[in-house]
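Just so you know, all these numbers are worked out from the coordinates, no wet-lab data involved. All values derive from a computational prediction rather than experimental measurement. All Cβ positions, even for glycine, are placed from backbone atoms using ideal geometry, and neighbour counts span all protein chains on display.
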Amino acid sequence: LELERYRAVCSYAHHNAKVRKRGTPSYPLLTPEQRAEHPPVYQPLVLTNAATGEKSVYGFNSSVCAVVAEGETLSQEALDIYDLQGEEHESVSRIMYDDLLPHCTRPEFVYEHEWMEGDALIWDNMRTIHAATPLEDGSHAREMWRTTVAS
């Protein structure tokens, strides 16, 4: 699979519909006006770091409703299904979950932090698939702050 040839179709409306469908029925869907203001974006599956030339997987998030070849677009009919019903194109499970996720989460690519009091972690959101895991004994609160640094 030549990942550089593909784009993840990321839709804010799809994310909301999927959250609603998968267990939070009160989660708000986007209005038609909001959907028009925030149309889906086609993100590359691979980004190249301008400073280092290193390539990394990108566009892997909960807003992805389809994966398409570069230059392809989805019909409005398909987008309506993904954005209003929270459905995903089969390409999401085939490419992202069956191929990419098992590769990206191989032991040599995973960092699992062993927490100590006072620890702070910083990661590059453009190059990291991250997920919160339960704290060992459940007696500690998790606090997360987001800071964006742009150049």
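Below are the figures for this structure:
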| read-out | value |
| --- | --- |
| For VAL92, net neighbour charge (Lys/Arg +1, Asp/Glu -1) across residues whose Cβ lies under 12 Å away | -3 |
| Cα-based helix-to-principal-axis angle, 12-21 vs the chain, degrees rounded to 10 | 80 |
| Largest-first principal axis extents, alpha carbons of region 51-95, Å | 40, 22, 18 |
| Cβ-placed point charges (K, R +1; D, E -1), dipole of region 37-151 about Cα centre in debye, nearest 20 | 340 |
| Magnitude of the charge dipole, region 1-48, Cβ model with Lys/Arg +1 and Asp/Glu -1, debye to 20 | 280 |
| For the chain: relative contact order, % (alpha-carbon pairs under 8 angstrom, 6 or more apart) | 26 |
| Read-out Rg/Rh (Cα atoms, Kirkwood Rh), derived from the coordinates shown; its label in (1) 1.02; (2) 1.23; (3) 0.99 | (3) |
| Rough spin-label spacing in nm, given labels placed 7 Å along Cα→Cβ, for LEU3 and LYS55 | 0.8 |
| Förster radius 30 Å - calculated FRET efficiency between SER75 and THR24 (Cβ-Cβ, nearest 0.05) | 0.60 |
